[in-house]
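Participant: This is the structure, below, for whatever I ask next.
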Amino acid sequence: MRQLNTARKICSLAAPLALAVAAAQQPLMQIHKALQNGEADKALELLQALPPGTNRAQAMNLECRVRFTLQQWEAAADACQRAVNLDGQNSNYQMWLGRALGEKANRANFLSAFSLAKRVRQAFQTAVQLNPRNAPALADLGEFYCSAPGVVGGGLDKAESVALELDRVDPARAHQLRAKIAEDRKDYGTAEREFKQAIAASSHPAFRWTPLADFYRRRQRWSEMEWAVRSSIKAAEHDSQDGVPLYDGASILIQAGRDLPLAAKMLEDYVGGHARTEEAPTFAAYTRLARVEQRLGDLAAARKARTAALQLAHEYKPALELKLQGP
């Protein structure tokens, strides 16, 4: 009887505690939703109004990611560093710190970039050590090894070791990393085969068609590039999670200067759909749409898209700097 009474007391205490935890998480869930929808202004306002007792590490990580979408690399890196300072054992926080520092390094002078690159490597390595099954962190580490010089810890042999780890976690990402390694070695035949194998191995193939399309763009194989982009659209039609390929595919067409009407339609379908995500910020999609519409000669549509971007993110510099000429 005494044990039963104790159990009842524990249950009576657990229910209010669970409700309190859920209530504390609610503001962070709202911020996450705003981030995924590309509502940067709303997300930042919610971050400023967080109640006491909120998980500060999680809040700082969310701020980092909002700033990351806005291309505010300094602020993003600072917020991610604060998240790691509060919870250094979180693999995803370390991964996002590496990403933000990497973007900051790409725009720094040589001496600063050298120092930042070491911190990028350390953050990605720590993310993987904390969670060896964190596939995005493994992929980021592999990308770092491919792109960074040996003096800061880069190397294609190290990237190959990461690909072996990805084989056990995410075979599609493993193939994509091997494609990059082969392309860096100018082994374009192997790179093309690996990109295609990534598509075959993926449960969301639309995501893997656009890297192949971008490979064809770099090789100036225009008809194959357009075929791969259209294949990504077709694959996305059968997967409600695959909105990002519309954004990425449109960006590839824009860079190549090919089939801009299709690029505009892809961006319109993305911003009007339900598969928006921070990987392809809605305000960035509107800004790209504005540029495409300007090139197509529809200034009214371009202005409308630019306005939509700034309504979501009034600090987004590419939209602010976009000059739409004409009557």
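Participant: Regarding segment 125-274, what are the three Cα extents along the principal axes, ordered largest first, in Å?
Facilitator: Computed over segment 125-274, the largest-to-smallest principal extents equal 44, 32, 25 Å.
Participant: Also: Quick one: Cα convex hull volume of the chain, Å³ per residue?
Facilitator: Convex hull volume per residue, Cα atoms: 171 Å³.
Participant: Follow-up. Between P281, P132, P211, which gets the highest mean-square fluctuation from a Gaussian network model of the chain, Cα cutoff 10 Å?
Facilitator: Among P281, P132, P211, the largest mean-square fluctuation in the Gaussian network model of the chain belongs to P132.
Participant: Ok, one more. Residue separation times 0.36 nm, minus the C-alpha to C-alpha distance between S147 and R193: what's the value?
Facilitator: 14.5 nm
Participant: Around V120, under 12 Å between beta carbons, what's the net of Lys plus Arg minus Asp minus Glu among the other residues?
Facilitator: Result for the neighbourhood of V120: +2.
Participant: Kindly give Rg over Rh for segment 61-149, based on alpha-carbon atoms, with the Kirkwood expression for the hydrodynamic radius.
Facilitator: 0.94
Participant: Arrange W222, W73, W209 by Cβ neighbour counts within 10 Å, fewest through most, would you?
Facilitator: Fewest-to-most Cβ neighbours within 10 Å comes out as W222, W73, W209.
Participant: Here is a follow-up. Please order C146, C64 by the number of other Cβ within 10 Å, starting at the fewest.
Facilitator: C146, C64
Participant: So, with +1 on the Cβ of K and R and -1 on the Cβ of D and E, and no other charges, what is the size of the charge dipole of segment 26-103 about its Cα centre, to the nearest 20 debye?
Facilitator: Dipole magnitude for segment 26-103 comes out near 160 debye.
Participant: Here's another thing I want to ask about it. I want the local charge near I233. Using Cβ-Cβ distances under 14 Å, sum +1 for each Lys or Arg and -1 for each Asp or Glu among the other residues.
Facilitator: Here the charged neighbours net out to -4.
Participant: Which listed residue (L310, L296, L253) has the Cα farthest towards the positive end of the charge dipole for segment 249-327, taking +1 on Lys and Arg C-beta and -1 on Asp and Glu C-beta about the Cα centre?
Facilitator: L296
Participant: How far is the Cα center of segment 55-77 from the Cα center of segment 177-253, in Å?
Facilitator: 29
Participant: State the number of lysine pairs found in the chain whose Cα atoms come within less than 20 Å, restricting to pairs 8 or more positions apart or on distinct chains.
Facilitator: Here the count comes out as 14.
Participant: Build a GNM of the chain with springs between Cα atoms under 10 Å: which of Q176, Q294, Q125 gets the top mean-square fluctuation?
Facilitator: Judging by the Gaussian network model, the answer is Q294.
Participant: Specify the residue with the greatest mean-square fluctuation among A59, A83, A301, computed from a Gaussian network of the chain linking alpha-carbon atoms under 10 Å apart.
Facilitator: Highest fluctuation of the listed residues: A301.
Participant: Let me ask something else about it. Under a Cβ-only charge scheme (Lys and Arg +1, Asp and Glu -1), can you give me the dipole magnitude of the chain about the Cα centre, in debye to the nearest 20?
Facilitator: Approximately 380 debye in magnitude.
Participant: Take D184, project a point 7 Å from its Cα along the Cβ direction, then tell me which residues of segment 137-163 have their backbone nitrogen under 14 Å from it.
Facilitator: 139-163
Participant: Under the Kirkwood approximation applied to all pairs of distinct alpha-carbon atoms, what is the hydrodynamic radius of segment 191-327 in Å?
Facilitator: Across segment 191-327, the inverse of the average 1/r is 15.2 Å.
Participant: For the residues K234, K104, what sequence is obtained by ranking on other C-beta atoms within 10 Å, fewest first?
Facilitator: Ranked by crowding around the Cβ, least crowded first: K234, K104.
Every read-out reported here was derived from the displayed coordinates using simple, explicitly stated rules and does not represent laboratory data. A quick note: this is a predicted structure, and the numbers were derived from the prediction, not measured. Note: ideal-geometry Cβ built from the backbone for every residue, glycine included; neighbour counts use all protein chains shown.
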